[in-house]
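Nothing in this text is a laboratory measurement; each read-out follows from the coordinates by a stated rule. Values in this document were obtained by computation on a predicted structure and should not be read as measured data. We place every Cβ from the backbone using ideal geometry, glycine too, and count neighbours over all the protein chains shown.
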Amino acid sequence: MQEGCTVVLPTYNEEGNIGKMVSTLRELYPDFYVLVMDDNSKDRTKEIVEEISAKDDHVRFFTRDPNDRGLSASIFEGIMESKTRYFINMDSDFQHPPSALAGMYDLLKDGSQLTIGIRRDRSNLDGFARWIGSWGAHYLAAFTLKLHDKQISSDIMSGLFGGDTEMCQQVIEEHRSELEMKGYKALFDLMKYVPKDINLTEYPYDFGEREAGESKISAIIPISLLKQCDGWGRFLSRILEMKPFNTVLKKVLKN
């Protein structure tokens with residue numbers, strides 16, 4: 001495992017953002033590696049990244065197995081593919097600001113084993129229902145972590161997080177069958193299985209607006225989250241998957 005940091009960027013149809021994101025990261029952090037974990041995009045995401053990687057050996061494009069699609073699966077595989085001592089996972093649409101990575105990397109170098117980017121303000125989430133849903137998901141996850149006697153973050157739903165690569169690789173390897181690979185909250189799954197006494201830190205940042213493309217939020221996300229919440233959560237997820245409840249959930253998420 002070499003020194004340094006790998007930025008994991010899970011992507012699906014991000015041609016409007018990915019070129020600018022990779023270029024920004026390489027400009028801000030010339031020693032970092034960028035690993036684009038693509039879930040078989042239908043647009044020009046692959047072509048854009050491969051054009052950059054052909055001239056930059058710190059950028060790598062990884063096409064995932066089409067039969068193993070899923071955001072969490074992309075993130076976990078990205079962590080497993082990382083070859084540096086640390087990794088940081090982030091979105092490629094600029095809602096996670098590239099400038100935040102410097103502070104998170106400093107925390108990792110200072111001994112943090114898992115560092116979490118926490119949103120200072122969530123009021124700019126699209127729609128009141130989604131704002132309420134974000135907080136509701138957080139408390140469901142916090143309750144589950146409490147049952148597991150694990151540490152709790154103030155933003156468990158964060159998609160901006162980094163960690164000690166070897167430690168997280170070991171957790172993924174040991175608990176692969178228990179992880180919600182088709183889920184959307186990889187951090188929550190990691191927090192369920194990392195040792196309870198790890199050095200966990202938080203780094204506040206300002207949550208931005210998506211620069212291009214469309215949000216991929218859907219009724220699948222809250223259902224998937226419930227599947228991560230042990231037996232009681234899986235029971236509730238089966239109820240929400242029933243047609244009448246699923247129809248209502250889709251309408252709520254559109255508001």
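If the chain between Q2 and M167 were fully stretched, how many nm would it gain, using 0.36 nm times the residue separation less the Cα-Cα distance?
58.0 nm
Obtain the nm distance between the two label points defined at E178 and A102 by a simple spin-label model: each point lies 7 Å from its Cα along the Cα-to-C-beta direction.
For E178 paired with A102, the spin-label model returns 3.9 nm.
Can you pull the one-decimal nm distance between simple spin-label points at K196 and D149, each 7 Å off the Cα toward Cβ?
Between K196 and D149, the simple spin-label model gives 0.4 nm.
Which FRET efficiency, nearest 0.05, do S23 and E50 yield, Cβ-Cβ r, R0 22 Å?
That gives a FRET efficiency of 0.95.
What spacing in nm lies between the two simple spin-label points modelled at K42 and R85, each 7 Å away from Cα in the Cβ direction?
Each label point lies 7 Å from its Cα, and together they span 4.4 nm.
Which order do peptides 27-37, 70-80 fall in by mean Cβ count within 10 Å, highest first?
Output ranking for 27-37, 70-80: 70-80, 27-37.
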